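Student: I have a structure I would like to understand better, so I am pasting it below and will then ask my questions one at a time.
The values are calculated or read from the model by the stated rules, or taken from the named source; none is laboratory data. Because the structure is predicted, anything quoted here is derived from the model rather than measured. When we count neighbours, we look across all protein chains shown, and the Cβ atoms used for this are built from the backbone with ideal geometry, even at glycine.
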Amino acid sequence: MQIHGHSSIDKKHPISLYSSKQLYAMEQAWFSEGHDSFGLMQQAAWQMAKHIEQLYEKKYLNHHSSASVNFSHRHNHQYRVSIWVGKGNNGGDGWLIAYYLKQAGWQVQIVTVGFEDSDFSNSDSDQVNSDKSDTTAISNSKSSITDAQKALQVARSANCKYERFEDSQNDLRSTALQADVYIDALFGIGLDRTPEGIYKQAIRAFNELTEQNNGLAIAVDIPSGVVASTGEVFDRIAIKADATLCLIARKFGLHTKDGVDYSGQVTDIPLIPYQVDNVAFEPVAKLITTGQAFSPRRQNSYKGSYGHVLVIGGNRIDGSQGMGGAAILSASSSMAAGAGKITVACHEAFHGALLTSLPDAMTINLHDAQGVQHLIKAASVVAIGMGLGRDDKAQALFVNYIQAAMTAKKPIVIDADGLYHLASLQLKNDKLISQLREYSTDNEVCLTPHSGEAAKLLNKKIHEIESDRLSAIKLCAQTYGGNWVLKGAGSLVLERGLDQEQVYVCGVGNAGMATAGMGDVLSGVIAGLLAQQDLEPEMRSLHQAVIIHGLAGDILVSQTNQYNSGKSDRGHLLIGQRGLQAQDMPVAIRHVMQLLVDS
Ligand SMILES: NC(=O)C1=CN([C@@H]2O[C@H](COP(=O)(O)OP(=O)(O)OC[C@H]3O[C@@H](n4cnc5c(N)ncnc54)[C@H](OP(=O)(O)O)[C@@H]3O)[C@@H](O)[C@H]2O)[C@@H](O)CC1
Ligand SMILES: Nc1ncnc2c1ncn2[C@@H]1O[C@H](COP(=O)(O)OP(=O)(O)O)[C@@H](O)[C@H]1O
Ligand SMILES: [K+]
């Protein structure tokens, strides 16, 4: 089984993710122990130069099947690299990479962005002996110049060629800019606003050149334009990297929101042993790409051993077409995730459709308050909100059923219209909000908004949520209690433990999942896992459900998967990202459940 090229389910441990503030603090802690900052920059650049060579060779080998072709290539062709540097320390890394690659025999061209003539005249020979290619002399210089300026001197001392982007921008096709590899050292973790003017032009030109020349784009530390702490890209202005060489520790922004689209393959270059047990360096989140292995079922068990999910949704408000599908998708996904029994409380108009597609389900009329309350007592989990409707009648049902679920002490999953009602109850200062928050301290409550729903819940604009998803999910948890998923590319999951909370970033899933009903599927997986009390808490957790959902989506769209036993079978066409439907998911969810037992 292959998922996105990985053999079987990827068993990598969670990867700790950090904010730029933490990265700066780690560096400072290291320097305060007496370590030299320019020495660190040299180390970083030397290691990056090695990785750049490897990445180049890997790309070349991928294009040619025979190793001997590569051998002759290496001897007949001088590798060409174009290194784009900004004025900060990220640019400093770039100047030193130029130095090391030149030493290794590469043809090096540096493009400076935002530099004045005076930036070059300052690096004169009074301060260091720049006649020789001597990094030690420069690094030992007692002058007050910055590390980035020292790096510039090192590269100049080795006669690395450079030109100002400002001078070359009208001639982007000039041979000087034709390269095999393009290095982005414009901005690193210091970027904090929209790149404008010359910076914006340079980022655009870099992307155009790499595309025109089929070059390999490699970002130093983080693609310029991506905000390290949030993953935000302002106005879509960022370097589109094939690979990112991430220094010191993994940045949160590489794995959520826009960062996912811009970073390419990320390689860590740890450099310094930061203290993970120091509270200041507690990761802001953990990147997860795989789930916990499931234990096999006991042979001596029956359907009751695996719980009863009650899905409440699928309403038809007078005069509307209704949303029966939401409840159906949620229910079938619960069963695919292994729930023993399922009842759907939906509008009677949908009972026929439900039973046609899911004869395993039991049904009850959503508006039969007494009957539904009775079922709430009998259920193991209540999942509410998917297609429930937003009118006052639906809100009354929501309040009524949530109260009943809390009285019966059931785990509750709230999605879609349920979240809409919560938001409006919060605006009215309704007591249900504080009751639910209180309830969630001892009982499982999972809430699953996308950014639009989170904006309603927090009474903010969507762009405010999107610009800092981490703060948004934390504020949701503070306001309403419970465990949360903030859905989207690199979904965030916040789980509250006894005395701390843990945030995860989901590293699986794909844009094919941006279709109607995928959220309903997720609510079903969450409820289906919670129902199975034979499982350890970690196996029933919210992050486990989010991973299963993402892996199922990846299996369906992966071009390399062996979902159909690896055989080319015209009866089983592969599904791509465009056209993936929520109804395709249950079969893949079952498959992931099985893979997790096997792994
Ligand atoms: N410390 C060390 O020894 C090591 C550091 N390392 C490397 O340093 C990198 C961090 O370096 P950095 O702090 O100098 O920030 P960097 O990202 O280069 O930005 C420079 C300046 O740009 C500016 N600016 C921001 N946004 C802007 C915009 N939109 N448009 C225009 N200008 C904008 C802003 O300055 P401002 O204009 O606000 O004064 C900012 O300060 C890190 O990613 C890693 O690569 C490694 O070598 C390991 C050792
Ligand atoms: N680009 C993407 N990458 C990864 N996952 C995605 C992407 N787009 C959507 N998803 C996932 O698909 C689901 C969509 O949920 P939602 O927006 O609530 O859909 P709906 O309301 O139509 O059911 C979420 O779990 C989300 O994280
Ligand atoms: K960069």
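Student: Only one of LEU422, LEU427, LEU375 is surrounded by 16 or more Cβ atoms within 10 Å (Cβ to Cβ), in contact (Cβ under 8 Å) with a residue 12 or more places away in the chain and farther than 24 Å from LEU535 by Cα; which?
Tutor: Values: LEU427 fails: surrounded by 16 or more Cβ atoms within 10 Å (Cβ to Cβ); LEU375 fails: farther than 24 Å from LEU535 by Cα.
Answer to the check: LEU422.
Student: Right, something else. If ILE189 passes every condition in (1) near ligand 1 (Cβ under 9 Å from one of its atoms); (2) closer than 14 Å to VAL85 by Cβ but one, which one does it miss?
Tutor: (2)
Student: Right, GLY231: surrounded by 24 or more Cβ atoms within 10 Å (Cβ to Cβ), farther than 30 Å from ILE376 by Cα and under 15 Å from the mean Cα position of the chain (by Cα) or not? Please lay out each step first, then the result.
Tutor: On the way: surrounded by 24 or more Cβ atoms within 10 Å (Cβ to Cβ): yes; farther than 30 Å from ILE376 by Cα: yes; under 15 Å from the mean Cα position of the chain (by Cα): yes.
Judged against the criteria, GLY231 is a match.
Student: Has segment 221-238 got any residue that is under 23 Å from TRP106 (Cα atoms), modelled with pLDDT of 95 or more and either away from ligand 1 (no atom under 16 Å from the Cβ) or in contact with a Pro (Cβ under 9 Å, 6 or more places away or on another chain) (or both)?
Tutor: Within segment 221-238 (the criterion being under 23 Å from TRP106 (Cα atoms), modelled with pLDDT of 95 or more and either away from ligand 1 (no atom under 16 Å from the Cβ) or in contact with a Pro (Cβ under 9 Å, 6 or more places away or on another chain) (or both)), the answer is no, since none of the residues qualifies.
Student: Within segment 240-254, can one find any residue that is crowded, with 23+ Cβ neighbours inside 10 Å and on the phi > 0 side of the Ramachandran plot?
Tutor: no
Student: Which residues, counting only those in segment 473-530, are among the hydrophobic types (A, V, I, L, M, F, W, C), over 25 Å from ARG590 (Cβ atoms) and assigned to a helix (DSSP H, G or I)?
Tutor: Hits for segment 473-530 are ILE473, LEU475, CYS476, ALA477.
Student: So which residues in segment 235-249 are farther than 28 Å from TRP46 by Cα and either β-branched (Val, Ile, Thr) or touching a helix residue (DSSP H, G or I) at 6+ places or on another chain (Cβ under 9 Å) (or both)? Talk me through it step by step, then tell me what you get.
Tutor: As a first pass, look at segment 235-249 and keep what is farther than 28 Å from TRP46 by Cα: 235-237.
Selection gives ASP235, ILE237.
Student: While we're here: Please work out which residue is farthest from ligand 2 (Cβ to nearest atom), limiting yourself to segment 460-492 and to residues that are touching a strand residue (DSSP E or B) at 6+ places or on another chain (Cβ under 8 Å) and among the basic types (Lys, Arg).
Tutor: LYS474
Student: Go through ASP534, ASP442 for me and flag whichever is among the acidic types (Asp, Glu) and either under 24 Å from SER333 (Cβ atoms) or within 15 Å of ligand 2 (Cβ to nearest atom) (or both). Step through it out loud before you land on a result.
Tutor: Details: ASP442 fails: either under 24 Å from SER333 (Cβ atoms) or within 15 Å of ligand 2 (Cβ to nearest atom) (or both).
Being among the acidic types (Asp, Glu) and either under 24 Å from SER333 (Cβ atoms) or within 15 Å of ligand 2 (Cβ to nearest atom) (or both) holds for just one of ASP534, ASP442, which is ASP534.
Student: For segment 210-225, enumerate the residues that are more than 14 Å from ligand 3 (Cβ to nearest atom) and outside any strand (DSSP E or B).
Tutor: Residues satisfying the conditions are GLU211, GLN212, ASN213, ASN214, GLY215.
Student: Moving on. Filter segment 187-199 down to the residues that are away from ligand 3 (no atom under 15 Å from the Cβ) and not in a loop (DSSP other than H, G, I, E, B), then identify the one that is surrounded by the fewest Cβ atoms within 10 Å (Cβ to Cβ).
Tutor: This residue is GLY197.
Student: So, in segment 343-369, how many residues would count as being in a helix (DSSP H, G or I) and either closer than 23 Å to LEU425 by Cβ or touching a strand residue (DSSP E or B) at 6+ places or on another chain (Cβ under 9 Å) (or both)? So that I can check it myself, show each step before the final result.
Tutor: Of the residues in segment 343-369, the ones in a helix (DSSP H, G or I) are 348-357, 369.
From what is left, the residues that are either closer than 23 Å to LEU425 by Cβ or touching a strand residue (DSSP E or B) at 6+ places or on another chain (Cβ under 9 Å) (or both) are 348, 350-351, 354-355, 369.
The number of residues fulfilling the criteria is 6.
Student: While we're here: What's the number of the condition GLY264 fails, among (1) touching a residue at least 60 places away in the same chain (Cβ under 8 Å); (2) away from ligand 1 (no atom under 16 Å from the Cβ); (3) surrounded by 17 or more Cβ atoms within 10 Å (Cβ to Cβ)?
Tutor: Here GLY264 clears every test but (1).
Student: For residues in segment 300-324 being small (Gly, Ala, Ser) and modelled with pLDDT under 95, which is farthest from ligand 3 (Cβ to nearest atom)? Show your work before the answer.
Tutor: Taking segment 300-324 and keeping what is small (Gly, Ala, Ser), we get 301, 304-305, 307, 313-314, 319-320, 322, 324.
Filter again for modelled with pLDDT under 95, leaving 301, 304-305, 319-320, 322, 324.
Values: SER301: 54, GLY304: 56, SER305: 53, GLY319: 54, SER320: 50, GLY322: 50, GLY324: 49 Å.
So the residue we want is GLY304.
Student: From the list LEU191, LEU186, which residue is closer than 16 Å to SER20 by Cβ, touching a residue at least 40 places away in the same chain (Cβ under 8 Å) and either within 16 Å of ligand 2 (Cβ to nearest atom) or aliphatic (A, V, I, L, M) (or both)?
Tutor: Being closer than 16 Å to SER20 by Cβ, touching a residue at least 40 places away in the same chain (Cβ under 8 Å) and either within 16 Å of ligand 2 (Cβ to nearest atom) or aliphatic (A, V, I, L, M) (or both) holds for just one of LEU191, LEU186, which is LEU186.
Student: Any idea which of ILE376, ILE342, ILE384, ILE364 is within 16 Å of ligand 2 (Cβ to nearest atom), under 17 Å from GLY313 (Cβ atoms) and modelled with pLDDT of 95 or more? Write out each step before concluding.
Tutor: Details: ILE376 fails: within 16 Å of ligand 2 (Cβ to nearest atom); ILE342 fails: within 16 Å of ligand 2 (Cβ to nearest atom); ILE364 fails: within 16 Å of ligand 2 (Cβ to nearest atom).
Sole residue among the options that is within 16 Å of ligand 2 (Cβ to nearest atom), under 17 Å from GLY313 (Cβ atoms) and modelled with pLDDT of 95 or more: ILE384.
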